[in-house]
1. I need the full set of residues from the range 207-232 which are hydroxyl-bearing (Ser, Thr, Tyr) and away from the ligand (no atom under 16 Å from the Cβ), in order please.
2. Hey, could you check the range 57-66 for residues that are surrounded by 14 or more Cβ atoms within 10 Å (Cβ to Cβ) and touching a residue at least 40 places away in the same chain (Cβ under 8 Å) and say which is nearest to the ligand (Cβ to nearest atom)?
3. Determine which member of the set 291, 323 is more than 26 Å from residue 252 (Cα to Cα), away from the ligand (no atom under 16 Å from the Cβ) and in contact (Cβ under 8 Å) with a residue 60 or more places away in the chain.
4. Do we have any residue at all in the range 67-87 that's assigned to a helix (DSSP H, G or I) and crowded, with 19+ Cβ neighbours inside 10 Å?
5. Being more than 20 Å from residue 129 (Cα to Cα) and open to solvent by less than 30 Å² (accessible area, probe 1.4 Å) is the filter here; which residues of the range 149-172 pass it?
6. Looking at 335, 300, which one is in contact (Cβ under 8 Å) with a residue 24 or more places away in the chain, assigned to a strand (DSSP E or B) and not assigned by TED's automatic domain parsing to the domain that holds residue 127?
7. Report, by residue number, each residue of the range 218-232 that is part of a loop (DSSP other than H, G, I, E, B) and surrounded by fewer than 22 Cβ atoms within 10 Å (Cβ to Cβ).
8. Select from the range 263-274 the residues that are within 16 Å of the ligand (Cβ to nearest atom), of a type outside the set (Ser, Thr, Tyr) and farther than 25 Å from residue 179 by Cβ and list them in ascending order.
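The values are calculated or read from the model by the stated rules, or taken from the named source; none is laboratory data. The structure presented is a predicted model; accordingly, all values stated were derived computationally and were not measured. Ideal geometry is used to build each Cβ from the backbone, glycine not excepted, and the neighbour counts take in all protein chains shown. Please note that ligands, DNA and RNA were not included when accessible areas were found on the heavy atoms of the full protein model with its side chains. Shrake-Rupley method; radii C 1.70, N 1.55, O 1.52, S 1.80 Å.
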Amino acid sequence: MAQHTEKISIEKAKTSKIDTVDFNNLDFGRLFTDHMFVCDYEDGKWQTPKVIPYQAMSYEPSARVFHYGQAVFEGMKAYKGDDGKVFLFRPKENFDRINKSSNRLAMPSFPENYFFEGLEALLNLDSDWIKPGIGNSLYLRPFVIATEPAISASPANNYRFMIICSPAQSYYNSPVRVLIAEEFSRSADGGVGFAKAAGNYAAQFYPTSLAQEKGFQQIIWTDASTHSFLEEAGTMNVFFRIDDTLITAPTSDRILDGITRKSMLQLAEDLGITCEVRRVTVDEIKAAAKEGRLKEIFGTGTAAVISIISAFEHKEELFEIPEIEDSYAKLFKKTLLDIQHNLSEDKHGWRHEVK
Ligand SMILES: *Cc1c(COP(=O)(O)O)cnc(C)c1O
């Protein structure tokens, strides 16, 4: 392994935009903090990382990312406790995953110390953008793009790793209605479904827009070959509750290994809730719904934590899932948010304090 010991260079923004921001009215992902983290890969190695003012970048039209989609990203959050301490949630998982995603797209791994030192430098500079209070957070978007100006179809020699930050508000996300995929697929065996590859998202937009025209907000993706196994909900992992048992599909090269999903599995164990990790069929869920045994469906992911699914449609048959009193989704959401915001014991060591 190459040694990465250079210090991060820091250029502070001359003025801060923070006074122009209405933190009670944030439109998710549209507004960014004063600084960003940048590190270029050139001459076969990652160069000295920098934190610089948030700004536009310019690249040649031939930059490879525009043509062949070598682009991967992560989504993580920083939280502030009432005592002003700043925490990340299981950041090593994001670090490992961005490299897994990069490697699948023939892109180089990023060094661990650069990732953590970069986050720390950035969060220290932009700490005022993280508001305390449950639900408030700073959404962090690490990403990597191929910057080399050359359009021959091969992996690039030059890349840029970046982190940008967007304040996110405590928001109540309303339940969503979903369509179960019968024709389109998100991913296939041997493909890139497990990677947070930008192109996975591009490919979902069109089928999702068709679902939206029919009055559904999201699609529950099924396996590409038979469309009979339920895999993910939109860009979230998905859980089903039949009677008092939770069921979620095992991760694979088609299903993204979500950190929220992984945390839910552990919380279920802690709370004494039976959770089965196994393949789950559309027929099984429809049968359970008809018998009145399907109590909940919810998606899990960093951005919304938990998104409750209130109805689904498959082969023109519509199923409503009435809200219940003792919702696992609500219990999990509260339990997880309390851990993230340093309001409860962190017995698994998930919180990472940013010093
Ligand atoms: C990011 C993502 C998730 C959720 O992962 P978390 O680590 O929980 O945020 C689930 N499915 C897909 C397809 C994703 O891209």
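1. Those that are hydroxyl-bearing (Ser, Thr, Tyr) and away from the ligand (no atom under 16 Å from the Cβ): 209, 225, 226, 228.
2. 65
3. 323
4. Within the range 67-87, not a single residue is assigned to a helix (DSSP H, G or I) and crowded, with 19+ Cβ neighbours inside 10 Å.
5. Across the range 149-172, the qualifying residues are 150, 156, 159, 161.
6. It is 300.
7. 224, 225, 226, 227, 228
8. Listed by number, the residues that qualify are 265, 266, 267, 268.
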